[in-house]
Amino acid sequence: MADDITTGPDKDFVEYVVKSIVSDPDSVVVTRTVDDMGVLLTLQVGKEDMGKVIGRSGQTAKSIRILLRVIGSQNNVRVNLKIVEPEGGEVKGGEVDGGSEEAPAEDGGSTLMDEDLDI
């Protein structure tokens, strides 16, 4: 199990926390890859749960990333979290189809993904 790079305490942590937050835990998929830069966790959730995972102004996603840094520091590894936007949730032309309540969560998510990969 020590040689298996697809599992680890960081992946288990993200799965546990995100499945506790979302309304459809069966749609949560976390993949773990390791390269020269460290560990990359890729998180996929259902379209309706994206706002819950990102949180208001990106605070939930930021908190998960901070806790991942703590887990990574215990193992002397750099851990990054990438939240993949579900299909159909793209912002085109600055407007979101469907409603104005979803706009801050989706905008905050794409901004956080881009800048937090350089942690």
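The values are calculated or read from the model by the stated rules, or taken from the named source; none is laboratory data. All values derive from a computational prediction rather than experimental measurement. Reconstructed Cβ throughout: ideal geometry from the backbone, glycine too, with neighbour counts over all protein chains shown.
So which residues in segment 22-42 are modelled with pLDDT of 90 or more, aliphatic (A, V, I, L, M) and outside any strand (DSSP E or B), if there are any at all?
The answer is Val22, Val28.
Any chance segment 52-61 includes a residue that's over 12 Å from the mean Cα position of the chain (by Cα), under 18 Å from Tyr16 (Cα atoms) and in contact (Cβ under 8 Å) with a residue 12 or more places away in the chain?
no
Filter segment 13-48 down to the residues that are among the basic types (Lys, Arg) and touching a Pro at 6+ places or on another chain (Cβ under 9 Å), then identify the one that is nearest to Val70 (Cα to Cα). Spell out how you get there, then give the answer.
Applying the first criterion (among the basic types (Lys, Arg)) to segment 13-48 yields 19, 32, 47.
With the extra rule that they be touching a Pro at 6+ places or on another chain (Cβ under 9 Å), the set shrinks to 19, 47.
Values: Lys19: 20, Lys47: 28 Å.
Out of the qualifying residues, it is Lys19.
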